[in-house]
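Peer 1: Just passing along the structure, written as structure tokens.
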């Protein structure tokens with residue numbers, strides 16, 4: 001399961017229109033276990049992307065239930081999707097709304113991609129809204145990032161316990 005954090009970073013970049021330096025604050029989405037890890041991961045990413053100094057000004061827990069990546073797509077779109085869920089104990093129906101992100105070039109394409117991504121959902125759902133997100137980039141968590149060097153004074157658990 002993903003834990004998404006929306007982080008804002010302030011830095012100076014060259015304005016595309018005027019060619020002059022401009023201070024901007026831009027949002028990024030980071031998959032992390034904690035606020036501290038989100039800040040650390042974004043700092044590592046921005047060090048490679050931003051020349052000069054930057055400051056991470058804000059970190060908030062984001063409530064996205066799903067993020068749908070597509071190779072082709074320039075923008076992230078926030079999609080509000082609702083469906084009816086049945087409470088197992090009481091048997092009552094309740095309406096559940098989820099926020100999802102999908103990468104696309106247009107609202108129409110975002111709608112089509114959300115439809116495609118949710119095509120295997122058994123229960124009926126409604127797409128209530130699709131809005132272009134201001135997110136600049138998204139940094140998912142990858143297994144390779146787990147690999148850290150083990151200090152010389154410690155012995156790996158794999159030597160004691162069989163790992164699958």
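The values are calculated or read from the model by the stated rules, or taken from the named source; none is laboratory data. These figures come from a predicted structure and were not determined experimentally. Methodologically, a virtual Cβ is constructed for each residue, glycine included, from the backbone with ideal geometry; neighbour enumeration extends over all protein chains shown.
Peer 1: Restricting attention to segment 56-73, report how many residues are under 15 Å from residue 105 (Cβ atoms) and outside any strand (DSSP E or B).
Peer 2: First, pick out the residues of segment 56-73 that are under 15 Å from residue 105 (Cβ atoms): 68-73.
Restricting the remaining residues to those that are outside any strand (DSSP E or B) gives 69-73.
Residues flagged as under 15 Å from residue 105 (Cβ atoms) and outside any strand (DSSP E or B) within segment 56-73 amount to 5.
Peer 1: If residue 76 satisfies every condition in (1) part of a strand (DSSP E or B); (2) out of contact with any strand residue (DSSP E or B) (no Cβ under 8 Å at 6 or more places or on another chain) but one, which is the exception?
Peer 2: Of (1) part of a strand (DSSP E or B); (2) out of contact with any strand residue (DSSP E or B) (no Cβ under 8 Å at 6 or more places or on another chain), only one is false for residue 76: (2).
Peer 1: Scan segment 123-137 and give yes if some residue there is in contact with a helix residue (DSSP H, G or I) (Cβ under 9 Å, 6 or more places away or on another chain), under 22 Å from residue 32 (Cβ atoms), modelled with pLDDT of 85 or more and surrounded by 12 or more Cβ atoms within 10 Å (Cβ to Cβ), otherwise no.
Peer 2: yes
Peer 1: So for segment 94-110 (the condition being surrounded by 13 or more Cβ atoms within 10 Å (Cβ to Cβ), under 20 Å from the mean Cα position of the chain (by Cα) and free of Cβ contacts under 8 Å to residues at least 12 places away in the same chain), does at least one residue qualify?
Peer 2: Checked against the condition, which is being surrounded by 13 or more Cβ atoms within 10 Å (Cβ to Cβ), under 20 Å from the mean Cα position of the chain (by Cα) and free of Cβ contacts under 8 Å to residues at least 12 places away in the same chain, segment 94-110 yields at least one hit.
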